[in-house]
1. Within segment 289-314, take every residue that is open to solvent by 60 Å² or more (accessible area, probe 1.4 Å) and in a loop (DSSP other than H, G, I, E, B) and give me the one that is farthest from Ile346 (Cα to Cα).
2. Quick one: would you say Leu371 is within 14 Å of ligand 2 (Cβ to nearest atom), modelled with pLDDT of 95 or more, touching a Leu at 6+ places or on another chain (Cβ under 6 Å) and under 26 Å from Phe431 (Cβ atoms)?
3. So is Thr286 of a type in the set (Val, Ile, Thr), buried (at least 22 other Cβ atoms within 10 Å of the Cβ) and part of a helix (DSSP H, G or I) or not?
4. Restrict the check to segment 209-231 and report whether at least one residue is closer than 30 Å to Glu161 by Cβ and surrounded by fewer than 18 Cβ atoms within 10 Å (Cβ to Cβ).
5. Can you work out which of the residues in segment 53-90 that are farther than 24 Å from Gly389 by Cβ and within 15 Å of ligand 2 (Cβ to nearest atom) is surrounded by the most Cβ atoms within 10 Å (Cβ to Cβ)?
6. Give segment 237-263 a look and list any residue that's assigned to a loop (DSSP other than H, G, I, E, B), away from ligand 2 (no atom under 15 Å from the Cβ), in contact with a strand residue (DSSP E or B) (Cβ under 9 Å, 6 or more places away or on another chain) and closer than 18 Å to Leu282 by Cβ, or say none.
7. Select from segment 1-25 the residues that are at pLDDT 95 or above and not in a loop (DSSP other than H, G, I, E, B) and list them in ascending order.
8. On the given criteria, is Phe11 in contact with a Pro (Cβ under 7 Å, 6 or more places away or on another chain) and of a type in the set (Phe, Trp, Tyr)?
Amino acid sequence: MSTTEALPFAFYGTIIHSSSIQSLEILEDTLLAVSASNGRILALQPNTPQDQVDKTLAALDIPASRTTRLRRGQFLIPGFVDTHNHAPQWMQRGLGQGMHILDWLSGVTFPNEARFRDPEYARRVYAGLVAGMLRQGVTTASYYGSLHGEATCILADTCLEKGQRAFVGKCNMNRNSPDYYRDASTEESLAETERCISHIQTIDPSSSLLKYVITPRFAISCEADLLAGLGTIASRNPDLPIQTHFNEAEQEVQATLSLFPAFTNEVDLYSHYGLLKPRTILAHCTIMTDAETQSLAALDCGIAHCPTANMTVGGGFMAAPVRGFLSRGMKVGLGTDSGGGFSSSILDSMRHALIASFSREAASAGREKGLTLEEVFYLATMGGARVMGMDDRIGSFGVGKEFDAVVVDMNTATGGVNAPVEEEDEIRRVFDKFLMTGDDRNMVQVFVRGQKTHAL
Ligand code: GUN
Ligand code: FE
């Protein structure tokens, strides 16, 4: 690192983040300074007049060359959090739309994921995935790997190399898939899990970016003793998060309960095996009884809402009852789900969450109020940070928090079809146009923990 690179850096301009689930905070003429040594925000001063900017920068020891002055149409937002992403499905996005979940898994997904037995293939695909997610402003992701330990360690190495914050877990799955794509035994599945845990602890001992996430694919894929073994790993490592698929589709819920007849629902099942904790991320939660929702709220589990997947793969083609989760104060974030759907963009997830909620409002004769733009933006940033237990570090801007951010530029001549910014547009209109029509061409710089991880 040269001496200049060790100095703090700053932005001066408009900064937008959520101050609560209902409220967006638009801070104008704001000076935001970041420590280059630990990536934390050193100063955040809204409404700083032009003539005080230089003085403040000098006091903070920040040279003019390390200060970016944002123009009209440009603003900073917190990086997006993808709370549910299958890394090996990067190559299969868009395939098998409209299929029921178990048919889609056996027909499309397992043959695709099996290819990650080849470490070279994994290295190549994961390099494209992590770069592709960063360029879409996803600074943090919770990844399911394939079942292969080696490929999963390669995914963790790739996130660290490219600077993405991530949970990474090897999929545990030792039944109900073909021989060519199944853990050989419970013992091997657990041993491979332990190997991946140690690998991640070795490459990032302070968890600056990475954490292993315990990842039973779902109960249909796991023998009871595998679920029990993973519950034991979870209780021995209380800091490790857990993720699984939960109440995703009718076909899946029925198959689960027939495999585990001792349980009447998935809450009882997964909690019996010690897998429902405040650090657990449950993907989908589409078909929920009131009692199940109440239990998950009491257990303080986080929900990865994946509207794109809910409406394209699975069989229900109806998104989760998010309003009900939010009204109980539950932790909810957004997930792209990758192959379960067609998009790896959190902007798309926000739009689909919005559209799906409007449809639920109509279908419930107004009982379930649709989401607002403020709410879906919160879910994509602070909501995801809460689900991943990182809201003290990321999700919004504040002194002491780590600088995970996207520089948005709606002036860019993208050649795309996003709604153009007009001279008289106020910043809130520009922001709305970005959320509803923008894409990666408008994300000109992406930072994670103060490091630039992508620039156009
Ligand atoms: N349930 C078990 N595995 C999967 C998967 O890969 N995607 C989705 N959407 N649901 C699952
Ligand atoms: Fe999924």
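1. By that ranking, first place goes to Thr289.
2. The answer is no for Leu371.
3. no
4. No, segment 209-231 has no match at all.
5. The residue in question is Pro88.
6. Residues satisfying the conditions are Leu240, Pro241.
7. Hits for segment 1-25 are Phe9, Ala10, Phe11, Tyr12, Gly13, Thr14, Ile15, Ile16, His17, Ser18, Leu24, Glu25.
8. no
The values are calculated or read from the model by the stated rules, or taken from the named source; none is laboratory data. Here the structure is a predicted model, which is why all the values come from computation and not from measurement. Neighbour counts are summed over all protein chains in view; Cβ atoms, including those assigned to glycine, are modelled from backbone coordinates with ideal geometry. Areas reflect the complete protein model, heavy atoms only, side chains present, ligands, DNA and RNA absent. Shrake-Rupley method; radii C 1.70, N 1.55, O 1.52, S 1.80 Å.
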